[in-house]
Amino acid sequence: MSTALSSTTVPVRRRFKLGPGARGIKLLIPVLLLLAVFFLVPVLALLLRSIMEPVPGLQNYVELLGSQTYVRVFFNTFMVAGVVTLITLLVGFPTAWLLAIMPKRWSQVMFAILLLSMWTNLLARTYAWMVLLQQTGLVNRVLMAIGVIDEPLTLVNNLIGVTIGMTYIMLPFLVLPLHATLRAIDPSTLRAAAICGASRWQALRLVLLPLALPGIASGALMVFVMSLGYYVTPALLGGTGYMMLAELIAQLVQSLLNWGLAGAAAFVLLVVTLGLYAVQLRYLGGGRSGMGDR
Amino acid sequence: MTTPFLQIRGLRKTYDQVVAIDHVSLDIKQGEFMTFLGPSGSGKSTTLYIVAGFQEPTEGQVLLNGKSLLDVAPNQRNIGMVFQRYTLFPHLTVGENVAFPLRVRRRPEAEIKAKVDKMLELVHLGGYRDRLPGQMSGGQQQRVAIARALAYDPPLLLMDEPLSALDKKLREEIQFELRRIHQETGVTILYVTHDQEEALRLSDRIAVFSQGKIEQVGTGEELYERPTSRFVAGFIGNSNFLPVKVEKLGSGRARAVFPNGQAVEGDASAFASGSDGTLMVRPEQMRIRPGTAVGQELAVTVRDMTYLGDSMHFAVQTPWNQELAVRMAVRDGQGLCIGSSAVLEWDTQHGHVFA
């Protein structure tokens, strides 16, 4: 590029550089409008109701965070979401790794199974778990037949049932993003680790896990956040004694018509979720993601 | 007789019905730079990967200092390896990459630091300790990979086409570095490449692979001057292959007859036994001079000529319509032009006949 031209080319270039960005924002307008009308407005309305009903003030939040019943619901919700995330990680990481390294023909079959289960109706799958987990269900009968237990275990209408059902439902949401991350890792990186003297455990801990961290984090966040607000599965498998937050909100709205308290609960959930997302962005978004250019 | 440093004994590897390598045997001396040269699929990488422990042979044995390597897991073999693509750990700094093999060996921190400094010095990357691999060029990354592979003083360094992803200039630069590093450390190197020039430049000895077997082992000079097969002659350097029939003349002499009935005579030892064959002559061993052929002289026609600065390249056509390459000093090619008749000559000791 000659210097004589630069005085005229620079402004043109700059306009060009802005072009795609400005066009991008224009393309986003329909989505932004949709979100504004169907997400932002209802959320603000809910927030408004939580501080205006029945009388203006923060009494809904005080009640929510002060009553033992409601705190227990929060505790149940976060505990179940945490345990579900943990188990999903423990099961999902090996699954995603297997999918990444197995021959393509086999991984396609595995993917089909994974996606088919995801696309099957949620209610059908949850009822199926009720059948499997009940006192005289398949799981209890098999365990008794092989002599692991003498009496049937109570696997539904409690948090065990919720955890089992949720883990199953959440698995694809972790495996899919994690698989994408793992497949981008060059297998010879692990060979290099082995020839450098790293045992399998060291290669996993020092190389594979750090490189997979962005995928682990986004998958885990997805599972945790979805679990926090999940309704159907906890409602069906958890019974009435072990309530989670989404059920509480539904009950407050449908049975008690207490929109203020329901709004407060929903808003607390939203704040927690956004907070978690911010933490992830801060520590794992961009910068040293480990997946730099190779 | 002491046991060779590294012995590869009757190595064979088959996948289903396909034979990847077939009874490969080779002894490598301590401190030697040995190159496996061959086209892709010739079994050179498979052999290297068996030595590394990433593949298991169907048959055969690999012995390091007389002890079998095959029962040892890759991470226990204490071998260094540099791969084709840069396999640095992208989440670790250059310093941490070089320290990695020492950390997994749980060496003391002070030793690790000193060693990392020394290795980065060795590959001339002293100031790059805190860079991430992604911030470096391909050549720099590959030098870090060499530093990492040598950090734990392995007796053996394996290199699997380490320069094939680099451009020509960088390749030559790192080839030079490699020779220096080899001399400074005295490490035994097993090097895989498909680039004959690279093999000649770097190696003490070269093993030429073809279709799962070693065709010939020797120094670059031996392979170039005395190839034992047509494949080796064709793979290392440029060659002319002339179809001939060999006739024994008695008293240690033989002659090779060309398709048009003309012949060259020579010492029988230079003419492999067998009747039909190929006579190989290097382009730079051939000469042409303007004029008409007399008697047994070979008459050729100049079809093309290219000025290459330090030499002239000629394409000449034989009476049996084969095109041959001739390379001469520029001043020797004076008086020749495209289309002119010429006489083709070479010294008989530079002709090699293969069955």
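Give the lysines reachable from B:LYS115 as a straight Cα distance under 27 Å; neighbours fewer than 8 places away on the same chain don't count. Cα-Cα hits under 27 Å: B:LYS29.
Averaging 1/r across all pairs of distinct Cα atoms in chain B and inverting the result yields a Kirkwood radius of 23.2 Å.
Between B:ASN321 and B:SER164, the FRET efficiency from the beta-carbon distance, with R0 = 35 Å, is close to 0.40. Note on A:VAL91 and A:THR120: the model spin-label points, each 7 Å out from Cα along the C-beta direction, lie 1.3 nm apart. Residues of region B:325-345 falling in the label zone of B:TYR307, defined by backbone nitrogen less than 14 Å from a point 7 Å along Cα to beta-carbon, are B:330-338. Nonpolar atom fraction for the protein assembly as shown, defined as the carbon and sulfur part of the 1.4 Å probe accessible area, stands at 60 percent. With each label modelled as a point 7 angstrom along the Cα→C-beta vector, the B:GLU56-B:ARG331 pair spans 6.6 nm. In this calculation the C-beta distance from B:GLN135 to A:LEU40 is compared with R0 = 25 Å, giving a FRET efficiency of 0.05. For the pair A:ILE113 and A:GLN68, the difference between a 0.36 nm per residue extended length and the Cα-Cα distance amounts to 11.9 nm.
Applying 1/(1 + (r/R0)^6) with R0 = 25 Å to the Cβ-Cβ distance of B:ARG105 and B:GLN30 gives a FRET efficiency near 0.65. Across region B:112-119, rounded Karplus estimates of 3J(HN,Hα) from the backbone phi angles (6.51 cos²θ - 1.76 cosθ + 1.60, θ = phi - 60°) give 4, 4, 4, 5, 4, 4, 5, 5 Hz, Gly and Pro being marked x.
Cα-Cα over 30 Å: which of B:LYS213/B:LYS245; B:LYS13/B:LYS245; B:LYS113/B:LYS168; B:LYS13/B:LYS248; B:LYS67/B:LYS213; B:LYS118/B:LYS168?
Too far apart for the 30 Å limit: B:LYS13/B:LYS245; B:LYS113/B:LYS168; B:LYS13/B:LYS248.
Orientation-averaged projection of region A:59-284 equals 15.9 nm² [convex hull of Cα atoms, one quarter of hull surface area].
Of all the options B:ALA114, B:ALA256, B:ALA199, the one that moves most in a Gaussian network model of chain B with Cα springs shorter than 10 angstrom is B:ALA114. The mean number of Cβ atoms from other chains found within 10 Å of a Cβ in peptide B:83-96 is 5, as a whole number. Note on chain A: with a GNM built from Cα contacts shorter than 10 Å, the maximum mean-square fluctuation among A:GLY92, A:GLY215, A:GLY137 falls on A:GLY137. When each of the peptides A:65-78, A:231-244, B:341-354 is scored by the mean number of other C-beta atoms lying within 10 Å of its residues, the order from highest to lowest reads A:231-244, B:341-354, A:65-78. Modelled this way, with points 7 Å down the Cα-to-C-beta line, the labels at A:TYR277 and B:GLU172 are 5.6 nm from one another.
Taken about its Cα centre, the protein assembly as shown carries a charge dipole of about 1440 debye when Lys and Arg each add +1 at the Cβ and Asp and Glu each add -1 at the Cβ.
Sort A:157-164, A:50-57, B:221-228, B:85-92 for me by packing, meaning the mean count of neighbouring Cβ atoms within 10 Å per residue, highest on top.
Working: A:157-164: 20.6, A:50-57: 14.2, B:221-228: 17.1, B:85-92: 23.2.
Those peptides, ordered most packed to least, come out B:85-92, A:157-164, B:221-228, A:50-57.
Each listed q (0.10, 0.13, 0.19, 0.24 Å⁻¹) maps to a log10 I(q)/I(0) for region B:238-354, found by the Debye formula over equal Cα scatterers with no solvent: -0.29, -0.49, -0.97, -1.38. Taking all protein chains together and a 1.4 Å probe, the residues B:GLU265, B:GLU32 rank B:GLU265, B:GLU32 from largest to smallest accessible area.
Please compute the Kirkwood hydrodynamic radius of the protein assembly as shown from all pairs of different C-alpha atoms, in Å with one decimal.
By the Kirkwood definition, the hydrodynamic radius is 31.8 Å.
Between chain B and chain A, the total buried accessible area stands at approximately 2100 Å², from heavy atoms with a 1.4 Å probe.
In the protein assembly as shown, the DSSP beta bridges split such that about 75 percent are antiparallel, to the nearest 5.
Probing with 1.4 Å while keeping every protein chain in the model, the per residue accessible area of chain A equals 59 Å².
The values are calculated or read from the model by the stated rules, or taken from the named source; none is laboratory data. On a predicted model such as this, the values are computed, not experimentally measured, just so you know. When we count neighbours, we look across all protein chains shown, and the Cβ atoms used for this are built from the backbone with ideal geometry, even at glycine. Just so you know, the surface numbers come from the protein's heavy atoms only, side chains and all, with ligands and any DNA or RNA stripped out. Shrake-Rupley method; radii C 1.70, N 1.55, O 1.52, S 1.80 Å.
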